[in-house]
Amino acid sequence: MTPTPEAVGRLYDDLLEAELEGGAADPNLHIGYWDTPDSPVPRAEAVVRFTDEHVRRLHVTTGDRVLDMGCGVGGPALRAVDLTGAHVTGISISAAQITHATHLAKSAGHADNTKFLHADAMALPFPDSSFDAVMAIESLIHMPDRERVLNEARRVLRPGGRLVLTELFERAPRPTRRHPAITEFCRASMVSLPNADDYPALLHRAGLRLRELLDITDHTVQRNFRELADLVGDAKGLLFHPRDLVGVPEFGCFLAVAEHP
Ligand SMILES: C[S@@+](CC[C@H](N)C(=O)[O-])C[C@H]1O[C@@H](n2cnc3c(N)ncnc32)[C@H](O)[C@@H]1O
């Protein structure tokens, strides 16, 4: 059964609470991006670089309005403000994440150029054409109706505005039997993986023009989960163990850029 947005919200509320009990919450809830597989860049830096790969494709500048759909605790939104001077609105289905993101923005001196709201990306509480760009970093994987989300992204974008998103996905060729580690990851993390082959049509049905669809697996997934596995070691209470996804070549990540015509 597909998890409801409310269930996903509770999952992220609980994860944040556990992190804060443990001392501190990671401002970025996504994988890293390395230029080459043997790049010496540490994971913490690669995680910020992953955000940068989205932000530079938004084509925004000082004063532009950006929506971060599925903003986590606000690390990417704050990075986007630092890099571009845009005003960033973040929404998340997790109320706890929104409280934390608001607090982080204030501490970073960005209370005036950010806003964080508890909302569902499938029913955005914004008028038509209210943003110059939309980003969605590893968030659509949790949303039960991608077509609706993409329609909403197009609706709130001004004509000419860009949507930049990343999704985890199963790469071709897919084995006839799904790898058990992928099944377990999807179950435990309340994720559904899209079929990249369907994505151009999905974007077109939502009224968006595809500009770029890039398999970035070799820059991201395998190294990310290998390093994460070393980092977490034998920690208990994890949703899934990252080591289980190491060496699963069909587990990938793509980046898509689309434009409101
Ligand atoms: C893997 S986290 C990524 C967070 C953030 N983009 C980042 O990179 O740090 C997924 C995010 O999507 C949000 N999310 C999932 N379903 C959502 C929905 N239906 N509406 C709004 N946000 C949602 C979660 O609350 C969470 O913040």
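The values are calculated or read from the model by the stated rules, or taken from the named source; none is laboratory data. Treat the numbers as computed from the prediction; the structure is a model and nothing was measured. Heads up: the accessible areas ignore ligands, DNA and RNA and are worked out on the full protein's heavy atoms, side chains in. Shrake-Rupley method; radii C 1.70, N 1.55, O 1.52, S 1.80 Å.
Quick notes on this structure:
- Shape class for region 1-146: rounded, because the ratio a/c of the largest to smallest gyration tensor axis (alpha-carbon atoms, square roots of eigenvalues) is under 1.5.
- For the options ARG43, ARG226, ARG178, a Gaussian network treatment of the chain with springs between C-alpha atoms closer than 10 Å singles out ARG178 as fluctuating the most.
- Region 5-259: C-alpha pair distances exceeding 34 Å, %: 11
- Both radii come from the Cα set of region 71-124: Rg as radius of gyration, Rh as Kirkwood radius; their ratio Rg/Rh reads 0.95.
- Estimated 222 nm signal from helices in the chain, with DSSP H stretches of n ≥ 4 weighted -39500 (n - 2.57), rounded to 500: -11500 deg cm²/dmol
- List LYS236, LYS106, LYS115, ordered by accessible area with a 1.4 Å probe, largest first: LYS236, LYS106, LYS115
- Ordering SER130, SER94 by accessible surface, largest first, gives SER130, SER94; the 1.4 Å probe counts only protein heavy atoms, with every chain in place.
- Portion, in percent, of the accessible area of region 5-259 that falls on carbon or sulfur, probe 1.4 Å: 52
- Accessible area of the chain divided out per residue, in Å², using a probe of 1.4 angstrom: 45
- Going by accessible surface with a 1.4 Å probe and the largest first, GLU45, GLU152 read GLU45, GLU152.
- The alpha carbon centroids of region 91-166 and region 54-86 are separated by 10 Å.
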